[in-house]
1. Condition first: modelled with pLDDT under 70 and outside any loop (DSSP other than H, G, I, E, B). Now tell me which residues in segment 21-41 satisfy that.
2. Give all pairs with beta carbons closer than 7 Å in which a residue from segment 13-28 that is closer than 17 Å to residue 57 by Cα meets a residue that is modelled with pLDDT of 80 or more and not hydrophobic (A, V, I, L, M, F, W, C); count only pairs at least 6 apart in sequence or on separate chains.
3. What are the pairs with Cβ atoms under 8 angstrom where one residue, in segment 38-54, is in contact (Cβ under 8 Å) with a residue 12 or more places away in the chain and the other, located anywhere, is open to solvent by 60 Å² or more (accessible area, probe 1.4 Å)? Sequence gap at least six, or different chains.
Amino acid sequence: MRDLRIRTRIDDLDVGALTEAMQSDKKRAASGLRFVVLAGIGQGRVASDVPGEMVGAAWAYAQRVGASGV
């Protein structure tokens with residue numbers, strides 16, 4: 001992965017830049033970002049009503065977990 005320069009860690013990721021990039025993604029709906037949200041095993045749904053604060057909290061959690069190596 002390193003030879004191909006593919007990121008393997010997200011603990012130093014700029015969440016603001018990532019969020020901005022997500023806003024311009026071609027798969028984004030006119031109403032905003034869409035996410036696959038899992039309610040349980042095999043129980044996924046597409047959600048477009050995810051608050052920005054929740055997206056930020058999810059990235060913060062992913063960074064903490066990524067930094068701990070878990």
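The values are calculated or read from the model by the stated rules, or taken from the named source; none is laboratory data. Given the structure is predicted, the values throughout are model-derived calculations rather than measurements. Note that each Cβ is placed from the backbone with ideal geometry, even for glycine, and that neighbours are counted across all protein chains shown. Protein only, heavy atoms only, side chains kept; ligands, DNA and RNA dropped before computing areas. Shrake-Rupley method; radii C 1.70, N 1.55, O 1.52, S 1.80 Å.
1. Across segment 21-41, the qualifying residue is only 29.
2. Partner pairs satisfying both residue conditions: 13/63; 15/56.
3. Qualifying pairs under 8 Å: 46/34; 46/36; 47/34; 47/36; 48/31; 48/34.
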